[in-house]
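For reference, the structure discussed in these notes is given below.
Each reported figure results from applying straightforward, stated rules to the coordinates on display, with no laboratory input. A quick note: this is a predicted structure, and the numbers were derived from the prediction, not measured. No Cβ is skipped: glycine too gets one built from the backbone with ideal geometry, and neighbour counts run over all protein chains shown.
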Amino acid sequence: VNTALEIINAARLSKAPVRILDLCTGSGNIAISLVVRLSLPSNPSEGEGLTKSAADCKIFASDISDKALEVAIENARLNGASDGISFIKSDLFKDIAGRYDIIVSNPPYIARCELETLPKEVLKEPVLALDGGEDGLDFYRKIFLNAPAYLMNGGYCIMEIGFGQRAAIKSMIGGFKGFKLIDVKEDQYLIDRVIVVQWIN
């Protein structure tokens, strides 16, 4: 969310409205947090005030799961963010229309062989929200393959990644012409956690 806010407020996205797509929204936490943060009077970011407001952004959130969307819609209501988000049922890009300045996603990224080793609290999540395929990278491949048709030229993909996946995803990005890795951000435990990739047609 902090990374998306930084880019939303960068001069290169000075136009309004900024269109944002949250793929695999799950409980809606990313989309809702963006609306809430953009709606705060002082719009605090990492040490600096934001220049954009919720009115300057159009946020869309999608998920393949009806149950997940029900939870996300209720969470948006509870946090006063309902008016700021359009929810869409879609298997990744299947039922998505239009182009976006930013695509954010926390996709399933657990390798299938590691599912049984996860902590009990994580295993309370639906398998659909965790299983990233044999190597955990299936969703990244699908997103990078299809995102060019949905990104504005110069648009960004901002995605959470799993522990130890940086090198593999960096190599993957190199195989998709037009994408440039801009940054990899660490979490509070100094683990590579967020990748920022730009689409330059």
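Remarks
- Distance (nanometres) between label positions extended 7 Å along Cα→Cβ at Ser171 and Gln188: 3.3
- Estimated FRET transfer efficiency when R0 is 45 angstrom, pair Glu74-Phe163 (beta carbons, to 0.05): 0.90
- Contour minus Cα-Cα distance for Ala55 and Lys142 (0.36 nm per residue): 28.2 nm
- A Förster radius of 30 Å, combined with the Cβ-Cβ distance separating Ala16 from Asp66, puts the computed FRET efficiency at roughly 0.40.
- In this structure, the residue pairs whose Cα-Cα separation is over 28 Å, taken from Lys120/Lys170; Lys120/Lys177; Lys52/Lys180; Lys58/Lys142, are Lys120/Lys170; Lys120/Lys177.
- From most to least packed by mean Cβ count within 10 Å, the peptides 100-107, 144-151 give 100-107, 144-151.
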